Amino acid sequence: MRQINKDVRVVEVGPRDGFQNVKVFIPTEKKIEMIETVIDAGVKEMEITSFVSPKAIPQMADAKEVVGTIKARQHKDLFLTALVPNLFGARVALEMKMDAINFVISVSESHNKENVRHTIDESFAELERIVNEYSNVQGAPHLILSLPTTFGCPFEGPQPVSKVINMVRRGMDLGIRRFIFSDTIGVANPLQVESFFEEIFATLPSGLELGLHLHDTRGMALANAFAALSFPINSLESSFGGFGGCPFAPGAAGNVATEDLVNMLENLGVPTGIDIKKLVKAALELAKFAPDALNSHMTRVLTGKAAPCGL
């Protein structure tokens, strides 16, 4: 019988990955309202925003105001992260007293150039500058290295696991111990996920904190999450309502919906402490700004919009 990892935690990325793809600007107070609903649902770790140029991602223009408001409310045991693409973003994160920053370097050279306008080597050099700047600052945010296109790239196709392992080792050389593997365009399948983690855990040293970020482009995200539960990964990232996608990856659809992931985990006996009905409430609010992007089975079930039973 399959052994299920019951220590995995759910990390909500909707306020960053979900919001960023909505074309109409979401009023700041509405963003804060949805974030508060998700917190009230029981989410304890959240990627709340990205500190990027508003010219690149206009939806993130109010990032400091959103973060400042949520932090001022002093939610107990809430761990907040922000995505940053460069040293400037890392300095803003330091100013805002973030718990962690998520620095992104794509496994694919082509995608990294599209996403952050740097080669992989240039991105690692920028990451090293952040590490050096944070090294003498007490209470500086923790560093997370996310690796988009781990399972496939829209420009280069499949990426070898050996390349992913090499990038993790480069991050380890900089003192990083937490890594997120991202299926940016949703091309992974469960056998690939199992094979990937078999090689990862057979090759990399113990003591690392590893997570998985799944997109549901081909409807495989939950199956891939289930496959990953055979391994001692630490986190699964998801977005309420299934909103999201990478603006710089053609064909990238939304993330796995947090409410769907929570439903699967709870039914597998994995405790999450997260209230699905409150996640659905947040999803319906976000759907007012992007109704066509809502991709959540549990939202359809709980709103009575699931398909009727047939023969």
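The values are calculated or read from the model by the stated rules, or taken from the named source; none is laboratory data. What you see is a predicted model; the values in this text were computed from it and never measured. Every residue, glycine as well, gets a Cβ built from its backbone with ideal geometry; the counts of neighbours run over all protein chains shown. Accessible surface areas use protein heavy atoms only, side chains included; no ligands, DNA or RNA. Shrake-Rupley method; radii C 1.70, N 1.55, O 1.52, S 1.80 Å.
Can you pull the Rg over Rh of region 119-267, Cα-only, Kirkwood? Mind showing how you got there, number by number?
Numbers: Rg = 15.6 Å, Rh = 16.1 Å.
Expressed as Rg/Rh, it is 0.97.
Per 0.36 nm of contour for each residue apart, how much would the distance between GLU33 and THR69 grow if the chain were fully extended, relative to their Cα-Cα spacing? It would help to have the intermediate numbers written out before the result.
On the way: separation 36, 0.36 × 36 = 12.96 nm, distance 1.06 nm.
Gain in length upon complete extension: 11.9 nm.
Give the Rg/Rh ratio for region 11-77, taking Rg as the radius of gyration of the Cα atoms and Rh as the Kirkwood radius, to two decimals. Walk me through the numbers on the way to the answer.
Details: Rg = 11.4 Å, Rh = 12.1 Å.
Over the Cα atoms of region 11-77, Rg/Rh equals 0.94.
In bins 10 Å wide, starting from 0, what share of all Cα pairs of region 3-42 does each bin hold, as a percent?
Result, from short to long distances: 24, 44, 21, 10, 1 percent.
Once neighbouring chains are kept in place and the probe is 1.4 Å, which whole percent of the accessible area of region 1-125 is contributed by carbon and sulfur? Mind showing how you got there, number by number?
Details: 2830 of 5510 Å².
Roughly 51 percent, rounded to a whole number.
Can you give me the distance in nm between label points at ILE165 and SER230, each placed 7 Å from the Cα along the Cα-to-Cβ direction?
That separation, rounded to one decimal, is 1.8 nm.
Given a 1.4 Å probe and heavy atoms of the protein chains only, how would you sort SER296, SER206, largest accessible area at the top?
On the way: SER296 0, SER206 115 Å².
From most accessible down to least: SER206, SER296.
With unit charges on the beta carbon (Lys/Arg positive, Asp/Glu negative), name the residue among SER235, LEU210, PHE79 whose Cα is farthest towards the positive pole of the charge dipole of the chain.
Projecting each Cα onto the dipole axis, the largest value belongs to PHE79.
Considering only THR203, THR81, THR184, give the residue with the highest GNM mean-square fluctuation for the chain, with springs between Cα atoms whenever their separation is below 10 Å.
THR203
Assuming 0.36 nm per residue, please report the length gained on full extension of the stretch GLN3 to VAL22 beyond their Cα-Cα distance. Kindly include the intermediate steps, with their values, before the conclusion.
Working: separation 19, 0.36 × 19 = 6.84 nm, distance 3.84 nm.
Once the chain is fully extended between GLN3 and VAL22, it gains 3.0 nm.
Rounded to the nearest 20 Debye, what is the dipole magnitude of the chain about its Cα centre when Lys and Arg each give +1 and Asp and Glu each give -1 at the C-beta? List each step's numbers first, then the result.
Details: 30 positive and 36 negative charges, 88 e Å.
Charge dipole, the chain, about its Cα centre: 420 debye, nearest 20.
Looking at the calculated P(r) for region 136-189, what percent of the C-alpha pair distances fall above 19 Å?
Values: 517 of 1431 pairs.
Looking at region 136-189, the distances longer than 19 Å represent 36 percent of pairs.
Could you please tell me the mean projected area of the C-alpha convex hull for region 154-233, averaged over all directions and given in square nanometres to one decimal? List each step's numbers first, then the result.
Working: hull surface 20.6 nm².
With the hull built on Cα positions only, its mean projection is 5.1 nm².
Calculated from DSSP H runs of 4 or more alone, at -39500 (n - 2.57) each and per residue, what is the 222 nm mean residue ellipticity of the chain, nearest 500?
Values: 11 runs with 118 residues, N = 311.
It lands at -11500 deg cm²/dmol.
Divide the volume of the convex hull of the Cα atoms of region 57-169 by its number of residues and quote the answer in cubic angstrom per residue. Write down the numbers at each step before the final one.
Numbers: hull volume 13.8 nm³, N = 113.
Each residue corresponds to 122 Å³ of Cα convex hull volume.
Placing unit charges on C-beta atoms (Lys and Arg positive, Asp and Glu negative, everything else neutral), compute the dipole magnitude of region 46-162 about its Cα centre in debye, rounded to 20.
Numbers: 10 positive and 14 negative charges, 87 e Å.
Its charge dipole is roughly 420 debye.
Over the chain, consider all pairs of different Cα atoms and compute the Kirkwood hydrodynamic radius from their mean reciprocal separation; express it in Å, one decimal.
Working: mean 1/r = 0.0515 Å⁻¹.
Evaluated on the chain, it is 19.4 Å.
Keeping all protein chains in the complex and leaving out DNA, RNA and ligands, what accessible area do you get for VAL92 with a 1.4 Å probe, in Å² to the nearest 10?
Accessible area, nearest 10 Å²: 20 Å².
What FRET efficiency, computed as 1/(1 + (r/R0)^6) with R0 = 22 Å and r the Cβ-Cβ distance, is obtained for HIS142 and GLU266, rounded to the nearest 0.05? Don't jump to the answer; show the numbers that get you there.
On the way: r = 28 Å, r/R0 = 1.28.
Plugging the Cβ-Cβ distance into 1/(1 + (r/R0)^6) gives 0.20.
Once you treat every alpha carbon in region 64-108 as an equal point and sum by Debye, what is log10 I(q)/I(0) at q = 0.21 Å⁻¹?
So the normalised log intensities work out to -0.70.
Please compute the modelled spin-label separation between GLU156 and LEU87, points set 7 Å along Cα→Cβ, answer in nm with one decimal.
Taking the simple label geometry, LEU87 and GLU156 are separated by 2.5 nm.
Quote the Stokes-Einstein diffusion coefficient, in whole µm² s⁻¹, for region 1-140, based on the Kirkwood radius over alpha carbon pairs, a temperature of 20 °C and a viscosity of 1.002 mPa s. Walk me through the intermediate numbers first.
Details: Rh = 16.2 Å.
Stokes-Einstein gives a translational diffusion coefficient of 132 µm²/s.
Using label points projected 7 Å from each Cα along Cα→Cβ, tell me how many nm separate LEU204 and THR303, to one decimal.
My value for the distance between the label points is 3.7 nm.
Starting from 0.36 nm per residue, how many nanometres of slack lie between PHE79 and ASP121 once their C-alpha separation is accounted for? Each step should come with its number before you reach the end.
Values: separation 42, 0.36 × 42 = 15.12 nm, distance 2.99 nm.
Once the chain is fully extended between PHE79 and ASP121, it gains 12.1 nm.
Take ASP121, ASP292 and sort them by solvent-accessible surface of the protein heavy atoms, 1.4 Å probe, largest at the top. Please list the in-between numbers first.
Working: ASP121 100, ASP292 155 Å².
Per-residue accessible area, sorted high to low, gives ASP292, ASP121.
Filter LYS44/LYS288; LYS44/LYS281; LYS113/LYS278 down to the pairs with a C-alpha to C-alpha distance above 27 Å, please. Write down the numbers at each step before the final one.
Values: LYS44/LYS288 25 Å; LYS44/LYS281 18 Å; LYS113/LYS278 38 Å.
Checking Cα-Cα distances, LYS113/LYS278 exceed 27 Å.
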